[in-house]
Amino acid sequence: MVRLDKKATRLYVLDTNVLIHDPAALYHFDEHDVVIPMTVLEELDKHKNGIREIARTARQISRTLSDLTSQVTFDEIQSGIPIPRITGESGKLHFLCYRDLKPFDSLDDSPDNRILAETCRLREERPDASVILITKDINLRVKAAALKVPVEDYLNDRAFDDSDAMIEGAQVYTSAGPHGASLWEALNVEVTVERIDHHTFYQLSGDMPRHWHVGMLVSDSENGAEFEAIIRELGPTSARLQLLTNYRHHAGVWGVHAHDSRQNFTLNLLMDPEIDLVTIAGNAGTGKTYMTLAAAFQQTLDQKQFERIVFTRAPIPMGEDIGFLPGTEEEKMSPWMGAFHDNMDNLLRNDEGESTWDNGATRQLIGSRVQIRAPSFMRGRTLNDTFLIIDEAQNFTPKQLKSLVTRAGRNTKIVCLGNVGQIDTPYLTANTCGMAAVVERFRDWPHAGHITLKSVERSRLALAAEELL
């Protein structure tokens, strides 16, 4: 990236892909001015027709620009349209139109090159300002840098700055003694223990760790922990922790037992009626889908807490697309539901190791409570009394995942499963995918919980592949 001159006025030139990626990008530049070249408007016009998401987004941007221009005079459009910002600051919107634009002789007359030429022309006309091109196109950023044009990626949509910065949802203090005895000394807090309706609570007083958040696991060990609790309430000088149920040995969830603290915390989140949204991250083979299905069937078939289980995932291929699929909605989704069928096969094994999943009566019983749905047909629905499982959540954009999470109606629990290290959707990264956005935005909501699983249960080969490939 070309180093930016420290000048008072900044003009941000937006590429088309920035507006497509975030239609509200105009409002995210504080007090600085935003510039939209005519080439960008032409590209938006080409994208506006159709029923795809990009067409809807292009029409949304066009309506926003129409609303802004309809309220001002032609002279005000020339001088800049005021844009009220969330921060209270007010920048201006400018349109860039050159009738005598000179293209680059050595480059093709493509939209990207015209935007680059328009940016260079603006820099020549405004030596008093820092003109910065904002684009998500890597090649365009490289071209701009080669021409010594200040250029940046659009970062406002990132949930965090580094993919390693996604919260783990757990804090393990390995030096703590039995029942957290030395933990309280290390944290320098006073502890009061109380028992209410078969639940044990720890009321802490003192300066709380800054990295703690509501819904976080606090444990004294990764394996064989004697103290495991979830943070229910948190303030600068106080916290309230609730001791977790131990699902390791005698108590299980539909026959599934936890092997370590993170798995035990996962089962607690899945079974907790006070937690409406659960996000579970982890590498392949950590048991995300397995534990989630076990908790779903326990609460649907046994406890009758929910009426149905809805399972969905993004139908994004890892390689080349195999083309259109015949049949009903469930039949079309069936090839994408391999994880569901594999886990059902394991969950329904008896003591002799035989699976009853292929039994017709078993499939009919479970099928009456399980719905496999395509995310494309979820818009507009209200899911009541439902346990909704969203698999491969890292392949959704934040907007797509929002449209699924907002389907929640009365008595509905939503579980998002994903691995930000395995994103198959083009143009999404570990920082910008829907999974990352949900984890970060809900981190302080008391009815949400997140955990990152680390122990691979699939096989030693799967573990080695995650580490070596």
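The table below gives the values:
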{"item": "Scope the range 385-441; condition part of a loop (DSSP other than H, G, I, E, B) and among the charged types (D, E, K, R); matching residues", "result": "ASP385, GLU392, ARG407, ARG410, ASP424"}
{"item": "Single unsatisfied condition, THR192 versus (1) modelled with pLDDT under 85; (2) over 35 Å from the mean Cα position of the chain (by Cα); (3) polar (S, T, N, Q)", "result": "(1)"}
{"item": "Number of the exception - LEU26 against (1) in a helix (DSSP H, G or I); (2) in contact with an Asp or Glu (Cβ under 7 Å, 6 or more places away or on another chain); (3) aliphatic (A, V, I, L, M)", "result": "(2)"}
{"item": "Residue list for the range 64-103, restricted to those being surrounded by fewer than 10 Cβ atoms within 10 Å (Cβ to Cβ) and within 30 Å of the chain's Cα centre (by Cα)", "result": "ILE86, GLY88"}
{"item": "Test: LYS402 is touching a helix residue (DSSP H, G or I) at 6+ places or on another chain (Cβ under 7 Å), surrounded by fewer than 20 Cβ atoms within 10 Å (Cβ to Cβ) and more than 17 Å from ILE309 (Cα to Cα)", "result": "no"}
{"item": "Filter result (outside any helix (DSSP H, G or I), among the β-branched types (Val, Ile, Thr) and under 24 Å from GLU440 (Cβ atoms)) within the range 251-294", "result": "ILE275, VAL278, THR279, ILE280, THR286"}
{"item": "Residues that are under 19 Å from THR39 (Cα atoms) and not hydroxyl-bearing (Ser, Thr, Tyr), drawn from the range 69-80", "result": "ILE77, GLN78, GLY80"}
{"item": "Selection from the range 31-48 of residues that are under 28 Å from the mean Cα position of the chain (by Cα) and assigned to a loop (DSSP other than H, G, I, E, B)", "result": "LYS48"}
{"item": "Test for LEU453: is it free of Cβ contacts under 8 Å to residues at least 40 places away in the same chain and farther than 24 Å from ALA24 by Cβ", "result": "no"}
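Residue by residue, here is whether (1) closer than 15 Å to PRO37 by Cα; (2) modelled with pLDDT of 90 or more; (3) in contact with a Phe, Trp or Tyr (Cβ under 9 Å, 6 or more places away or on another chain) holds:
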{"residue": "ASP105", "(1), (2), (3)": "no, no, no"}
{"residue": "ILE132", "(1), (2), (3)": "yes, yes, yes"}
{"residue": "LYS143", "(1), (2), (3)": "no, yes, no"}
{"residue": "VAL149", "(1), (2), (3)": "no, yes, no"}
{"residue": "TYR154", "(1), (2), (3)": "no, no, no"}
{"residue": "ASP157", "(1), (2), (3)": "no, no, no"}
{"residue": "ASP162", "(1), (2), (3)": "no, no, no"}
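Rundown of residues vs (1) crowded, with 24+ Cβ neighbours inside 10 Å; (2) more than 27 Å from GLU194 (Cβ to Cβ); (3) in contact (Cβ under 8 Å) with a residue 40 or more places away in the chain, yes/no style:
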{"position": "PHE265", "(1), (2), (3)": "yes, no, yes"}
{"position": "LEU269", "(1), (2), (3)": "yes, no, yes"}
{"position": "ILE280", "(1), (2), (3)": "yes, yes, yes"}
{"position": "TYR290", "(1), (2), (3)": "no, yes, yes"}
{"position": "GLN299", "(1), (2), (3)": "no, yes, yes"}
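The values are calculated or read from the model by the stated rules, or taken from the named source; none is laboratory data. All figures in this text were calculated on a predicted structure; none of them were measured in a lab. A quick note on method: Cβ atoms are made from the backbone with ideal geometry, for glycine too, and the neighbour counts reach across all protein chains shown.
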